[in-house]
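The values are calculated or read from the model by the stated rules, or taken from the named source; none is laboratory data. These numbers come from a predicted model, not from an experiment. Neighbour counts run over all protein chains shown; Cβ positions are idealised from the backbone, glycine included. Each accessible area value is taken on the protein alone, full model and side chains, heavy atoms only, with ligands, DNA and RNA left out. Shrake-Rupley method; radii C 1.70, N 1.55, O 1.52, S 1.80 Å.
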Amino acid sequence: MALLARMLWHMAADRTSAPTRRSGDPGIPEPRTAAAGASALAEELATLYPVLGESPPSGWREDLATLGPALQVPPGAVLFDEGAPCRGFPFVLSGEVRVARGAPQGRALELYRVQAGEVCIVSASCLFGQSELSAHGATVQATRLLLLPPALFMRWCDHEPFRRFVFGVFASRLADLIALAEAVAFQRLDQRLAAALLGHGGTLHTTHQQLADELGTVREMVTRLLRRFEREGWLRLGRERIELLDAAALRRLAAPSQTG
């Protein structure tokens, strides 16, 4: 699955560098079909990313026509790896991408998630700095996205409203990352786990490994704490299921005043 995602990712990045082919060649859509698809994609992007509807870069619709259709990526697929070059700037149209620091199949710390209409700042910083990716990204659920090649992204950023939009997202994400660093540095793991369990309703459909990945720890630690919470009567554990029985107790544990 990861190999398939990388193949699709690389194909999308290579579209603009491929030799020009004529309508009528095998696999090339007729002009009307391609134009209709590009127009629909432009409208979808403008809805999810309002800056593209209000003050878009010049020629952006023509740029989209060169990219072809959006990518359809299955859940659990690794889109990019730490230390790899950035293949482009992803616009997420639906689904969700988890961006984390660490080994994709080992211990990792989740930095943030990218949903429809949001921006991946790891990809953007890699393109701005012409550096390697500092984290890895994987789909949480079936995801549809459009990959803007590096040259087009940099040209779009020459347009001040689009550049201001990207840097605005940087500022927002930076605040979130500072809060994450504070939680990791100053909060106990049981507090962070209690906070992670709250805000999702009375029943969570998740695994101990997924919680560990979110908290940047190992599954054994999460399992030990969840069993302690179960003994306290705060929750009931099941297979890929956690039922909250005493959310107030979890909320008291997660409160900042408990730090120390």
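Excluding ligands, DNA and RNA, the accessible surface per residue across the stretch 115-260 is 52 Å² with a 1.4 Å probe. If you look at the Cα atoms of the stretch 198-260, you get an Rg and a Dmax of 11.5, 33 Å.
Run the accessible area of the stretch 123-260 with a 1.4 Å probe and give the carbon-and-sulfur part as a rounded percent. Don't skip to the answer; put the middle values down first.
Values: 3800 of 7320 Å².
So the carbon and sulfur contribution to the accessible surface is 52 percent.
The packing ranking of peptides 207-213, 224-230, highest mean first, is 207-213, 224-230, where packing means the average number of other beta carbon atoms within 10 angstrom of each residue.
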